[in-house]
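All remarks here apply to the structure that follows.
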């Protein structure tokens, strides 16, 4: 969508149709060399306007322009062409280091936990733990975007300046259900019957408080700009309620109940390998198939794995359900192992047995993508030649590029899908600045290149999976 905003054409034309491309069974995150339509920054040199784009999606490798590109991978050290011009790379890295020097970003303020946040966070696992990590990451990421833009804009404000902040998207994907439940929405109890009251109490404010934070980011950005600047605030979509599709599994908690594993304090469900007889080396995950290994406290690996198998096969919920679809002993290159596959859905609420009575939610819980995309986003226009106090319906993502071109005095291309949003502009200004057009700005050269694979790909895929964009 953000490539459509920057080019004025639909994905079928500009070529960025997904978050990844598939090559030889691998999913490679999309890169800017795949784009076929010229973006605003490609047109700037020939049309004679300056531009600055910061953290805009699919801008790595950063392309030459009349201005500055701080790409969406500028925060990934070790990559070339993160920034154009390249001599600004050191400046960008110094800004990132300055943000990281203040590691405490007061994520607690987005919750209701206050002074208890730190201890409470250490006790979480699965979806809540991961969501809090992503919240911390995205606050940092948006601060890096803001401060990088500040470092560039205070030197010189371009004719076109664009920043992308991603936090509202991330928080709504992950924290939507808590907001619904806190407001007493019936759909919350229907879709998320396993919601913990304590989690709702703690996390209900995150979505709206991140909007408050986004307002702060916007205010800081506007303060950098010339007061006469025409401002567009854009979202690429809205949000709606989504049913959760996957599950979190924490088998080390079950092994702890059977005196087979010892959980690491504050580890979110990870086991202490040295103190465990049998353990899962992987932290809680949405992968139902788990591979268990003998731990440092095992005196007889084969016998201990058999003991773990008997224990796990004997577990039942309070309605008599088995927890596992299958269990199998075996051996691989790493040595003896026990492979188990969790049942993805359990009707019972508690795990019961001899000296065991614990909630199912301690080891088997929803993944947590409760917010999903709604087609309608929003566009706010203020300052410059924009009309005041009016509401305009029907604008589209592809209309932004031609509108921006017109604002800087450049002609729009007739082969763009988008059009100039003339209803946003004052009639007086339009009379003095009529829309001009050319047939086309053409397409970028297709040299047959594929997406560029890097060592950062796995990290990017993990981020996309955490938000539900990849399965």
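The values are calculated or read from the model by the stated rules, or taken from the named source; none is laboratory data. Note that the structure is predicted; figures quoted are calculated from it, not measured. Methodologically, a virtual Cβ is constructed for each residue, glycine included, from the backbone with ideal geometry; neighbour enumeration extends over all protein chains shown.
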Next on the checklist: If residue 397 satisfies all but one of (1) surrounded by fewer than 17 Cβ atoms within 10 Å (Cβ to Cβ); (2) farther than 30 Å from residue 24 by Cβ, what's the number of the condition it fails?
Outcome noted: (1)
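For the stretch 123-219, which helices (runs of 4 or more DSSP H) that fit wholly inside it have 3 or more residues that are over 16 Å from the mean Cα position of the chain (by Cα) and within 30 Å of residue 248 (Cα to Cα)?
Values: elements: 126-153, 167-182, 186-191, 197-203.
Here the list reads 167-182, 186-191, 197-203.
Suppose the filter is under 26 Å from residue 441 (Cβ atoms) and surrounded by fewer than 21 Cβ atoms within 10 Å (Cβ to Cβ); does residue 76 pass it?
When the stated conditions are applied, residue 76 does not pass them.
Only one of 337, 350 is surrounded by 13 or more Cβ atoms within 10 Å (Cβ to Cβ), in contact with a strand residue (DSSP E or B) (Cβ under 9 Å, 6 or more places away or on another chain) and farther than 28 Å from residue 193 by Cα. Can you tell me which? Outline the logic, then answer.
Numbers: 350 fails: farther than 28 Å from residue 193 by Cα.
Exactly one of 337, 350 is surrounded by 13 or more Cβ atoms within 10 Å (Cβ to Cβ), in contact with a strand residue (DSSP E or B) (Cβ under 9 Å, 6 or more places away or on another chain) and farther than 28 Å from residue 193 by Cα, namely 337.
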Checklist entry - Can we say residue 408 is over 29 Å from residue 125 (Cα atoms), in the same structural domain as residue 13 (by TED's automatic domain parsing), without any contact (Cβ under 8 Å) to a residue 24 or more places away in the chain and surrounded by 13 or more Cβ atoms within 10 Å (Cβ to Cβ)? => result no
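Tell me, please, whether a residue that is closer than 30 Å to residue 354 by Cα, in contact with a strand residue (DSSP E or B) (Cβ under 7 Å, 6 or more places away or on another chain) and touching a residue at least 60 places away in the same chain (Cβ under 8 Å) can be found in the stretch 193-208.
Scanning the stretch 193-208 turns up at least one residue that is closer than 30 Å to residue 354 by Cα, in contact with a strand residue (DSSP E or B) (Cβ under 7 Å, 6 or more places away or on another chain) and touching a residue at least 60 places away in the same chain (Cβ under 8 Å).
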Checklist outcome for this item: Residue hits (the stretch 95-127; more than 29 Å from residue 269 (Cα to Cα) and surrounded by 12 or more Cβ atoms within 10 Å (Cβ to Cβ)) are 95, 96, 98, 99
Item to check | Test: residue in the stretch 384-394 that is assigned to a strand (DSSP E or B), in contact with a strand residue (DSSP E or B) (Cβ under 8 Å, 6 or more places away or on another chain) and either assigned by TED's automatic domain parsing to the domain that holds residue 285 or closer than 30 Å to residue 463 by Cβ (or both) | outcome: no
Item to check | Residue identified as closer than 26 Å to residue 118 by Cα, surrounded by 14 or more Cβ atoms within 10 Å (Cβ to Cβ), in the same structural domain as residue 66 (by TED's automatic domain parsing) and in contact with a strand residue (DSSP E or B) (Cβ under 7 Å, 6 or more places away or on another chain) among 180, 217 | outcome: 180
Checklist outcome for this item: residue 374 meets each of (1) in contact (Cβ under 8 Å) with a residue 60 or more places away in the chain; (2) touching a strand residue (DSSP E or B) at 6+ places or on another chain (Cβ under 7 Å); (3) surrounded by 14 or more Cβ atoms within 10 Å (Cβ to Cβ) with one exception, condition (3)
Checklist entry - Which ones in the stretch 397-419 are in contact with a strand residue (DSSP E or B) (Cβ under 7 Å, 6 or more places away or on another chain) and farther than 13 Å from residue 438 by Cβ? => result 400, 404, 408
Item to check | Count - residues of the stretch 235-252 that are buried (at least 21 other Cβ atoms within 10 Å of the Cβ) and touching a helix residue (DSSP H, G or I) at 6+ places or on another chain (Cβ under 6 Å) | outcome: 1
Checklist outcome for this item: Flagged pairs (Cβ under 8 angstrom, 6 or more apart or on separate chains; first in the stretch 84-95, free of Cβ contacts under 8 Å to residues at least 60 places away in the same chain; second surrounded by fewer than 12 Cβ atoms within 10 Å (Cβ to Cβ) and in a helix (DSSP H, G or I)) are none
Next on the checklist: Can you find a residue that is out of contact with any helix residue (DSSP H, G or I) (no Cβ under 8 Å at 6 or more places or on another chain), surrounded by 17 or more Cβ atoms within 10 Å (Cβ to Cβ), without any contact (Cβ under 8 Å) to a residue 40 or more places away in the chain and part of a loop (DSSP other than H, G, I, E, B) anywhere in the stretch 297-315?
Outcome noted: yes
Checklist entry - Which ones in the stretch 16-44 are touching a helix residue (DSSP H, G or I) at 6+ places or on another chain (Cβ under 8 Å) and under 22 Å from residue 404 (Cβ atoms)? => result 16, 35, 36, 37, 38, 39, 40, 41, 43
Checklist entry - Does residue 147 satisfy being over 30 Å from residue 67 (Cβ atoms), in the same structural domain as residue 215 (by TED's automatic domain parsing) and either at pLDDT below 90 or surrounded by fewer than 19 Cβ atoms within 10 Å (Cβ to Cβ) (or both)? => result no
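One line per residue, one yes/no per condition, for (1) over 35 Å from the mean Cα position of the chain (by Cα); (2) part of a loop (DSSP other than H, G, I, E, B); (3) modelled with pLDDT under 90; (4) over 20 Å from residue 364 (Cα atoms):
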position	(1), (2), (3), (4)
260	yes, yes, no, no
265	no, yes, yes, no
268	no, yes, yes, no
275	yes, yes, no, yes
281	no, yes, no, no
287	no, yes, yes, no
291	no, no, no, no
327	no, no, no, no
331	yes, no, no, yes
